[in-house]
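Worksheet: the structure to be examined is printed underneath.
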Amino acid sequence: MIRSLLATATIGILAVTVTLADQSKKVVIPASPTSANNGQQMYTSYCAPCHGTDGKGRGPVAPAMKTQPTDLTQLMRNNHGKYPDTHVVAVLEFGSELSAHGSPNMPVWERIFGNMNRTHLQEKQLRISNLAHYLESIQER
Ligand code: HEC
């Protein structure tokens with residue numbers, strides 16, 4: 001009982017903080033509760049602020065960012081017509097290549113999803129795979 005109460009409390013205060021091009025400014029994206037089964041809902045809550053509702057990289061936070069968010073509808077086109085599922089999962093687990101090299105623009109989602117539910121560790125894998133499937137569904141063909 002106490003455990004699940006704690007988990008709920010954690011979700012409430014969880015947020016993604018991003019430093020903007022103007023280093024003195026930060027933007028906080030509240031990590032509001034979503035269903036791990038609903039890729040679209042997670043995308044809208046966690047990704048759309050930067051990548052845009054349509055995935056094209058023009059979310060409300062984008063103009064203030066130094067590195068522009070990737071157009072996520074072109075992942076398949078940019079990979080010789082094959083959707084790069086393994087790559088997307090790796091980016092969500094470990095961060096993008098750019099963020100790995102010191103630019104904290106693209107959050108490491110595995111960490112954030114892990115903090116959302118510390119009792120069911122498989123849940124973060126479910127979130128990541130459902131997000132990857134959702135991104136596949138928005139590819140421009
Ligand atoms: C704070 C803004 C921000 C949020 C929120 C965000 N991203 Fe990103 N994302 C970026 C930026 C900036 C880049 C391009 C620079 C980079 O790769 O680090 C990027 C790049 C990516 C890439 C391409 C990386 C590559 O190497 O090909 C994927 C895939 C991606 N994001 C998926 C997501 C998903 C899924 C979510 C939501 C769970 C999300 N992003 C949330 C800013 C964000």
Restrict the check to the range 30-49 and report whether at least one residue is in contact with a strand residue (DSSP E or B) (Cβ under 9 Å, 6 or more places away or on another chain), among the hydroxyl-bearing types (Ser, Thr, Tyr), under 28 Å from HIS120 (Cβ atoms) and crowded, with 16+ Cβ neighbours inside 10 Å. yes
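Does LYS56 satisfy the condition of being without any contact (Cβ under 8 Å) to a residue 24 or more places away in the chain, in a loop (DSSP other than H, G, I, E, B) and not hydrophobic (A, V, I, L, M, F, W, C)?
Numbers: without any contact (Cβ under 8 Å) to a residue 24 or more places away in the chain: yes; in a loop (DSSP other than H, G, I, E, B): yes; not hydrophobic (A, V, I, L, M, F, W, C): yes.
When the stated conditions are applied, LYS56 passes them.
Report whether or not ARG77 is surrounded by fewer than 17 Cβ atoms within 10 Å (Cβ to Cβ) and of a type outside the set (Asp, Glu).
Details: surrounded by fewer than 17 Cβ atoms within 10 Å (Cβ to Cβ): yes; of a type outside the set (Asp, Glu): yes.
Answer is yes for this residue.
Among the listed residues THR86, THR67, which satisfies the condition of being free of Cβ contacts under 8 Å to residues at least 40 places away in the same chain, within 12 Å of the ligand (Cβ to nearest atom), β-branched (Val, Ile, Thr) and over 18 Å from HIS51 (Cα atoms)?
Values: THR67 fails: over 18 Å from HIS51 (Cα atoms).
That would be THR86, the only listed residue that is free of Cβ contacts under 8 Å to residues at least 40 places away in the same chain, within 12 Å of the ligand (Cβ to nearest atom), β-branched (Val, Ile, Thr) and over 18 Å from HIS51 (Cα atoms).
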Taking into account only those residues within the range 105-137 that are farther than 18 Å from GLN41 by Cα and assigned to a helix (DSSP H, G or I), which is farthest from the ligand (Cβ to nearest atom)? GLN122
How about the range 89-98: which of its residues are over 11 Å from the mean Cα position of the chain (by Cα) and more than 9 Å from the ligand (Cβ to nearest atom)? PHE94
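Since every read-out is calculated from the coordinates, none of them should be taken as a lab result. If you're wondering where the values come from, they're calculated on a predicted model, not measured in any experiment. Cβ: placed from backbone, ideal geometry, glycine included. Neighbour counts: every protein chain shown.
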